[in-house]
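Before any comments, here is the structure.
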Amino acid sequence: MLSTLKILLNSLKMALQELRVNKLRTFLSLLGITIGIFCIIAVLTVTDSMESSIRNDLKSMGTNVVYLQKWPWDGDGEWWKYVNRPEPEYSQMKAIKEKVSTADAVTFLFSSGGRKIEYGPDYMENVELLATTMDLDKMQTMDIASGRYFSPSELTAGSNVVVLGANIWEGLFFSPEAAVGKIVRFSGRNVKVVGALKRKGESMLGGVFGDNTVIMPYLFARTIVDERRFADPFYMIRARADIPLGQMKDDLTGAMRAINRLKPTQDNDFALNEITTVQGELESVFGVLNTAGWLIAGFALIVGGFGIANIMFVTVKERTNIIGLKKAIGARPGIILLEFLLEAILLCLIGGGLGLLLVFSGTLIAKNMFSSFTIGLSTGNIILGFSISAIVGIVAGFIPAFSASRLDPVVAIRSN
């Protein structure tokens, strides 16, 4: 056993020495493995990070929430089917709450872009306005950096108060604490800042509001913007915790058909959208990306495998007399086979390690370029990268290693 370990250790030392002596040959042989591992692990890292971001977005937006809108999210571009539909109206809220007993929260919203906010001589343009009624904070995560969210009395009275997104208070006040309590002008109207939100970052699903948003009560916002002409108003309705979302959707469908006075033969003139619809479409995209990554990586790994097999055949050729000497002093064929297999695996692991290093470098660059998007090389992907490298090494190195183990010691010693 000790002699076997010594032989294997010496062979590994010889393999490392060969790497140093024949740098160009080794580099070209490892290039395919490096590219293959880089392709598959890079794709998996990006898709895993995106899926993680989507899961976090879904958690913050609520998977038990239905969006009642004019336009369906999966309308396939057939806008002419929906363009003449009526917009949801604020006046329908009371009827929805009364008829849909399976819902525990209902809010009416609209958004309008291209707005201007001012504080003294400073101003910001292209700001997004989000107008809302009660219950938005029950369905969306409101991470308050300073101040508070609207009180029920402010929402029902339509008070001239606002909550600022991170980009807004940062651009005008530099800190959330400095923003709270100030009077700012929004679209020419004086409003009081009662809260400032923490930075939300970019969202894969978009979300109801972002860092460039000013939130205000609907009854005040409607004095600034006519949502029926300049916005797409919608409802967010949350199902009760003990009620399946499908059941609440059925109740909501019946309620809206009654509210809109639709005949039994008429199609729905509204859309009930779910976040899971977008999630399913994005997951199918991720599946295509993963498949493409595996295909590209497969071709690169095949080329890399041939490169490793080639360098191992050359190595066997160069060490033929050494193999003969080892067999002459008692080295069994299995030891010779294992020796060259380990060398092939070592080569592939080095190539895979270089590919993983490239992926890791790419994640660092991506973090600096896209600070709001979290991307990282997971332990699982690192293990997968090295495992694929080892498998390629075994497959590519087996035939050269087997041919070395079958050499006749007398013939091998006499070879030049």
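Every number here is computed from the coordinates shown, using simple stated rules; none is lab data. Remember, it's a predicted structure, so these values are computed and weren't measured experimentally. All Cβ positions, glycine included, derive from the backbone under ideal geometry; neighbour counts span all protein chains shown.
Below are the figures for this structure:
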item: Separation in nanometres of the label points that stand 7 Å from Cα toward Cβ, at F27 and L295; result: 3.2 nm
item: Efficiency of FRET between A390 and F306 - r from beta-carbon atoms, R0 22 angstrom, step 0.05; result: 0.80
item: K138 paired with K116, simple spin-label distance in nm, labels 7 Å along Cα-to-beta-carbon; result: 3.9 nm
item: Amide hydrogen neighbours beyond the local backbone of R148, cut-off 5 Å, H modeled; result: G195, A196
item: Sites T379 and R261 - FRET efficiency at Förster radius 45 Å, r taken between beta-carbons, to 0.05; result: 0.15
item: Order of C39, C348 - criterion: other Cβ atoms within 10 Å of each residue's Cβ, fewest first; result: C39, C348
item: Of all DSSP beta bridges in the chain, antiparallel share, percent nearest 5; result: 80 percent
item: Longest exposed-site-free window of the chain, the sites being chymotrypsin sites (Phe, Trp or Tyr not before Pro) in a DSSP loop that have at most 16 other C-beta atoms within 10 Å; result: 175-369
item: For segment 176-183, Karplus couplings with θ = phi - 60° (6.51, -1.76, 1.60), whole Hz, Gly/Pro x; result: x, 4, 5, 7, 5, x, 7, 9
item: Counting DSSP beta bridges with both ends in segment 86-269, the antiparallel % (nearest 5); result: 75 percent
item: Shape call, segment 213-274: gyration tensor on alpha carbons, a/c limit 1.5; result: oblate
item: Order of I183, I394, I375 under a 10 Å beta carbon neighbour criterion, fewest first; result: I183, I394, I375
item: Sequence-distant residues sharing a close amide H with D232 (under 5 Å, placed H); result: S111
item: HN-Hα J in Hz across segment 138-143 - Karplus 6.51, -1.76, 1.60, θ = phi - 60°, x for Gly and Pro; result: 7, 10, 10, 6, 9, 8
item: Estimated FRET transfer efficiency when R0 is 25 angstrom, pair T223-Y149 (beta carbons, to 0.05); result: 0.75
item: Semi-axes of the equivalent ellipsoid for segment 86-269, Cα gyration tensor, largest first, Å; result: 32, 17, 14
item: Vicinal HN-Hα couplings computed from phi for segment 312-318 (Karplus, 6.51 cos²θ - 1.76 cosθ + 1.60; Hz; Gly/Pro x); result: 6, 4, 5, 5, 4, 4, 5
